[in-house]
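Shown next, in structure tokens, is the structure this report addresses.
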Amino acid sequence: MAAINRDDVAHLAQLAHIEMSDDELDRMANELALIVDSVKSVSEAAGDDVPTTSHPIPLTNVMREDVVGHVLTVEEALSGAPDSADGRFKVPAILEES
Amino acid sequence: MTANELIRLSASAMAAKLAAGEITSVELTQAHLDRIADVDHGDRGVNAFLHVNAEEALAVAADVDARRAAGEELHELAGVPIAIKDLIVTKGQPTTAGSKILEGWMSPYDATVIKKIRAARMPMLGKTNLDEFAMGSSTEHSAYGPTRNPWDLDRIPGGSGGGSAAAVAAFEAPFALGTDTGGSIRQPGAVTGTVGVKPTYGAVSRYGAIAMASSLDQIGPVSRTVLDSALLQEVIGGHDPFDSTSLTDPSIGLAAAARLGNVKGMKIGIIKELHGEGYQAGVENRFNESLELLRSAGAEIVEVSCPNFGYALGAYYLIMPSEASSNLAKFDGVRFGMRTLPTEGPLTIERVMGATRAAGFGDEVKRRIILGTYALSAGYYDAYYGSAQKVRTLIQRDFAAAFEQVDVLISPTSPVTAFKLGEKLDDPLAMYLNDVATIPANMAGVPGLTLPGGLADEDGLPVGIQLLAPAREDARLYRVGAVLESLLEAQWGGPILDQAPVLASTATVAEEAN
Amino acid sequence: MSVDTILSFEEAMEKYEPVLGFEVHVELNTKTKMFSSAPNVFGDEPNSNVNEVCLGLPGVLPVVNKKAVESSILIGLALNCKIAPHSTFARKQYFYPDTPKNFQTSQYDDPICYDGWIDIELEDGTVFHVEIERAHMEEDAGKLTHMGGSTGRIQGADYSLVDYNRSGVPLVEIVTKTIEGAGSRAPELAKAYVAAIREIVKNLGVSEAKMEHGNVRCDANVSLRPHGQEKLGTRTETKNVNSLRAVENAVKFEIQRHAAVLDSGVAITQETRHWHEDTKSTTSGRPKSDADDYRYFPEPDLVPIVTTAEWVEELRSRLPEPPAERRKRLQGDWGYTDLEFRDVVNAGLMDEIEETVAAGASAAAARKWWMGEIARRAKLADVDPAALGVSPAVVVEIEKLIASGAINDKLARKVLDGVLEGEGTPAEVVAKRGLAVVSDDGALQTAIDEALAAQPDVAEKIRGGKVQAVGAIVGGVMKVTRGQADAGRVRELILKTLGVEG
Ligand SMILES: [Mg+2]
Ligand SMILES: [Zn+2]
């Protein structure tokens, strides 16, 4: 497995939407390299014949009948919002001014 | 009975006194609120609570007293107060998850376990401290300052649920709710000399527990006695249609198992891979002592091997951050919580999300989000996430093979006793090792219990003994745990917490600081 | 915004072969959302049909709507798909403010339906066999309104407002395999394919299927390759095209644009495009920094759906008559010629005519109105005839008014205009606009007498047996009554006045 470098971390930080300073990227790259190194044995632990487990207790077909339940009031829905207007959540521009 | 004697009772003893009319819930609740005011605040306070819910708790207590006076049939635990880990959402009290990003946020809905606590009429004392988003093993990653271990205020109370464990150990609450993703109930229990249980995955609804790693998270009880945890799990457990991974099994028979009082003929397995090298000598000694006591009580002790447990920690540190990176994506400054604007450059929503998450998350949270994003990203998924899920299968097979041979498994809960605050803060890998014995249970979904096993010879600090049972056999943990607890307490001449130092009042210190 | 150069369609077709692919999103008409019990109602007061799950608040968990699963299986069966015995959900991760959890709960490795096909009939009867790759379940996003800009578009907006009422509405995404060999019929095929999907889901009763409401939305993938080349060209995906005409136009535009780009020696950028109805062109979509890596992984909060043969067969037994068989039956019932019927199908008016006939109109009258006056007005308004706003009941009522002699054909057209202008029911429009035929013989007689007096020479010709000349007098009378007289009756009265046998 490839080692993790600063550019990788910068790309990951972008995917994860966390702005990071250059210092932070350097520090994170060093720490992640160590962590990734320590977990790499995992990829050699199991052969192709071992199935994956995504859920610890296997259940199937847990479904709900199509019956309307509770709703929040508009006030409750917006109560935690950093910003709102006209009964809606308000967010800054999506595209940069061009 | 003095207030100080009252708060040292077990929850079940408090319940009995309430039922007998010897005390009122208001009296009991007030005694705990006073204790919190006395020892929790200030520079040398325990700092177990992030929010104290005095008004509502006393109102619920008064309501219980009135109903009891009117002859109403009440839940066994009605009127017994409880503390709630601040990862669980509550109406009427802030929920922070120990993070700046949720500072001041009030949930418009209750977690399912909170609905059950309300239905049982248990006064909620407040919300307890934790590592941010439950990510840590020391509660030092809380954005609101670390919790201190009541056994030694310069040491960590374990994590992530250090607040709940410390509150119970410091007699600020008779019991509490915790959450356990890789050991966050059990490891704090071990280092604070308290009891904690991670139930079978799905035995307790996760609805309203802020998710770290969905396939590993489980809410469970934190208490001072095995019976108290059993009583509390019966309250919070059972099927919940709001959680698709919730089991349909009824939450019954746990307290009865704790009261059974014998282990004669039971087979108990020592996990070869979970003791010995890497475990503190004092931890090993107390562990061996417990084995001896169980043997003397008629249990058969055998050794079993779980060869793939060696991969558990590595696989955990791939699955947990992967799921966490996804679960924490919603914290973006749009619908709830804090919003931070970028200080320079264009003001777009992308930048606002990036700036909010940069300012709102602490280092450990960022580390795990980046690690998880990496493990799930194109080109690495199979090697990391995929392989880790295969390891999960291997761990389940190890458990299955072990439980063919024995009824329960036993190990130390944590390889070490409580370490000093700050000691491992800059060494994530050393911190992660604290969960080496607790993680396999989360990976396989099986239940695990920790109870105090005595004090380590070298530092006089609590040691935890972990019991593990097959999925859906939580009752076995309570049966064996209660027997071992009574044998140990007979040796000590009382509960382990009787040996804890008396906490100095910090109330005046706090006032002077104001 | 720069305007793209495009090649003429004919020239593009000479040089290149288009390859298509479609992702059609169908909103299901369940009572509740895909993963929460909040009502599936869009268009109410913003954020009034949400609970903590649709808002993605901390701590929430999803629970699958069984009806939505069954609707998805029904769609799969109608598209001749295999139904997966074991199907799982997955998280598709990208940050966008309309997506509350910043991931969409969808399906990835094992969709509920896969490997299907559908035969698409074009206007001239040519049949294209389109293969379906998969149909999977997922959830819709909230709705963003862009504020502060001049156009209401995302470009130039100062801020946006988010309404999460639509967040979590169940969607089925139907994905085709690549469609080759359509040639110059590609735009037509695109339109016919989406029309067929819409017809199927409407016929199944699992969706309101109104494209103008976004119930059916098409993402159209287009790529070109030089004739004879095996390797596929780079594709673009034009998102959320919301009418049949737009689908046709968008595919045509992208073919022309790609051809011009390729001709200039530049490579096509793989990207999403947005269709603009006003300019009839596409523009480059928003740059999504995470679009290249969705980091799918199995949804840990949901467990697999296991379908048994009994369950699937029970659902299969609920399938209504397939559209092709239904078309055959309706053509027989209505007695339309092949050409008449195909025109109706191509105009997307089969349902409207069926409802109109069911409401009491004759098949001929229904066709006359829908394919005539209504279609003509729709073309002027640049909308699909079905979306113009005329209900089958209106057509039936107008027909009844004509049959009773209350209005004539010419007045009926004015009644239709009145209805479209929101003046009420046909009867109300007749009353308000005073459009009733003048049937008072006394009033008519006065007008006739005046007309005869004004043209004595014509009156004389008629008396002399030149009955054809009556037209001039009829015209005069109609002018005086501003068209509101029954021309047949006027003719009768003139001849009677002049004592001539008609
Ligand atoms: Mg798509
Ligand atoms: Zn989709």
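The values are calculated or read from the model by the stated rules, or taken from the named source; none is laboratory data. The shown structure was predicted, so the numbers you read here are calculated from the model rather than taken from an experiment. FYI the Cβ positions are ideal-geometry reconstructions off the backbone, even for glycines, and counts take in every protein chain you see.
Summary of values
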quantity	calculated
Those residues of the stretch C:191-222 which are within 16 Å of ligand 1 (Cβ to nearest atom) and small (Gly, Ala, Ser), in sequence order	C:Gly214, C:Ala220
Among the residues listed as B:Gly422, B:Gly454, the single one being touching a Phe, Trp or Tyr at 6+ places or on another chain (Cβ under 8 Å), away from every other protein chain (no Cβ under 14 Å) and surrounded by fewer than 24 Cβ atoms within 10 Å (Cβ to Cβ)	B:Gly454
Exclusive hit being more than 18 Å from C:Ile305 (Cα to Cα) and touching a strand residue (DSSP E or B) at 6+ places or on another chain (Cβ under 8 Å), set C:Tyr108, C:Tyr114, C:Tyr94	C:Tyr94
Qualifying positions in the stretch A:1-52 - of a type in the set (Gly, Ala, Ser) and either under 17 Å from B:Ala315 (Cα atoms) or within 7 Å of chain B (Cβ to nearest Cβ) (or both)	A:Ala13, A:Ala16, A:Ala33, A:Ser38, A:Ser41, A:Ser43, A:Ala45, A:Ala46, A:Gly47
C:Gly183 assigned by TED's automatic domain parsing to the domain that holds C:Ala135, farther than 21 Å from C:Leu330 by Cβ, away from ligand 2 (no atom under 16 Å from the Cβ) and out of contact with any Pro (no Cβ under 6 Å at 6 or more places or on another chain)	yes
Conditions (1) under 26 Å from C:Ala90 (Cβ atoms); (2) more than 16 Å from ligand 2 (Cβ to nearest atom); (3) within 21 Å of the chain's Cα centre (by Cα): number failed by C:Thr176	(2)
Test: residue in the stretch B:190-209 that is surrounded by fewer than 24 Cβ atoms within 10 Å (Cβ to Cβ) and over 15 Å from the mean Cα position of the chain (by Cα)	no
Meets criteria (on the phi > 0 side of the Ramachandran plot, within 16 Å of ligand 1 (Cβ to nearest atom) and either touching a residue at least 24 places away in the same chain (Cβ under 8 Å) or in contact with a helix residue (DSSP H, G or I) (Cβ under 8 Å, 6 or more places away or on another chain) (or both)) for C:Asn240	yes
Number of the condition not met by B:Leu216 [criteria: (1) assigned to a loop (DSSP other than H, G, I, E, B); (2) buried (at least 24 other Cβ atoms within 10 Å of the Cβ); (3) more than 14 Å from chain C (Cβ to nearest Cβ)]	(3)
The stretch C:139-150, subset surrounded by fewer than 22 Cβ atoms within 10 Å (Cβ to Cβ) and of a type outside the set (Val, Ile, Thr), residue farthest from the chain's Cα centre (by Cα)	C:Gly148
Those helices (runs of 4 or more DSSP H) lying entirely in the stretch B:301-418 with at least 2 residues in contact with a Gly (Cβ under 8 Å, 6 or more places away or on another chain)	B:312-327, B:349-360, B:387-405
C:Val201 being within 24 Å of C:Pro322 (Cα to Cα), within 14 Å of chain A (Cβ to nearest Cβ) and either within 16 Å of ligand 2 (Cβ to nearest atom) or in contact (Cβ under 8 Å) with a residue 12 or more places away in the chain (or both)	no
Verdict on B:Ser205 being under 19 Å from B:Asn442 (Cβ atoms) and either in contact (Cβ under 8 Å) with a residue 40 or more places away in the chain or within 14 Å of another protein chain (Cβ to nearest Cβ) (or both)	yes
Subset of the stretch C:246-276 (residues that are away from ligand 1 (no atom under 16 Å from the Cβ) and exposed (fewer than 15 other Cβ atoms within 10 Å of the Cβ))	C:Asp263, C:Ser264, C:Gly265, C:Val266, C:Ala267, C:Thr269
Candidate set: the stretch C:214-254, residues that are among the basic types (Lys, Arg) and more than 16 Å from ligand 2 (Cβ to nearest atom); chosen: the one nearest to C:Ile6 (Cα to Cα)	C:Lys252
Verdict on B:Arg339 being within 9 Å of chain A (Cβ to nearest Cβ), surrounded by fewer than 22 Cβ atoms within 10 Å (Cβ to Cβ) and not polar (S, T, N, Q)	yes
Test: residue in the stretch C:209-216 that is at pLDDT 95 or above, assigned to a strand (DSSP E or B) and surrounded by 20 or more Cβ atoms within 10 Å (Cβ to Cβ)	yes
Per-region count, the stretch B:59-74, residues surrounded by fewer than 16 Cβ atoms within 10 Å (Cβ to Cβ) and farther than 16 Å from B:Glu22 by Cβ	6
Residue check for C:Val172: assigned to a strand (DSSP E or B), in the same structural domain as C:Arg257 (by TED's automatic domain parsing) and within 16 Å of ligand 1 (Cβ to nearest atom)	yes
Pair list, Cβ < 6 Å and 6+ apart or interchain, from the stretch A:53-77 residues that are more than 9 Å from chain B (Cβ to nearest Cβ) to residues that are assigned to a loop (DSSP other than H, G, I, E, B) and of a type in the set (A, V, I, L, M, F, W, C)	A:Thr60/C:Val303; A:Val71/C:Ala38
Complete set of residues in the stretch C:43-66 that are facing chain A (nearest Cβ under 7 Å), within 17 Å of A:Val68 (Cβ to Cβ) and assigned to a loop (DSSP other than H, G, I, E, B)	C:Glu45, C:Asn47, C:Ser48, C:Asn49, C:Val50, C:Asn51, C:Glu52, C:Leu55, C:Val63
Candidates B:His51, B:His32, filtered to the one that is in a strand (DSSP E or B) and either among the β-branched types (Val, Ile, Thr) or touching a Pro at 6+ places or on another chain (Cβ under 7 Å) (or both)	B:His51
Filter pass, B:Ala355 being under 30 Å from C:Asp163 (Cα atoms) and at pLDDT 95 or above	yes
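Residues checked against (1) more than 29 Å from B:Phe133 (Cα to Cα); (2) surrounded by 19 or more Cβ atoms within 10 Å (Cβ to Cβ):
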position: C:Thr5; (1), (2): yes, no
position: C:Ala12; (1), (2): yes, yes
position: C:Glu17; (1), (2): yes, yes
position: C:Glu23; (1), (2): yes, no
position: C:Thr32; (1), (2): yes, yes
position: C:Phe35; (1), (2): no, yes
position: C:Asn40; (1), (2): yes, yes
position: C:Gly43; (1), (2): yes, no
position: C:Glu52; (1), (2): no, yes
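Quick grid of which residues meet (1) within 30 Å of B:Ala209 (Cβ to Cβ); (2) under 29 Å from the mean Cα position of the chain (by Cα); (3) away from ligand 1 (no atom under 16 Å from the Cβ); (4) free of Cβ contacts under 8 Å to residues at least 40 places away in the same chain:
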{"site": "C:Phe9", "(1), (2), (3), (4)": "no, yes, yes, no"}
{"site": "C:Gly21", "(1), (2), (3), (4)": "no, yes, no, no"}
{"site": "C:His25", "(1), (2), (3), (4)": "no, yes, no, no"}
{"site": "C:Thr30", "(1), (2), (3), (4)": "yes, yes, yes, no"}
{"site": "C:Asp44", "(1), (2), (3), (4)": "no, yes, yes, no"}
{"site": "C:Leu61", "(1), (2), (3), (4)": "yes, no, yes, no"}
{"site": "C:Gly76", "(1), (2), (3), (4)": "no, yes, yes, no"}
{"site": "C:Gln107", "(1), (2), (3), (4)": "yes, yes, no, yes"}
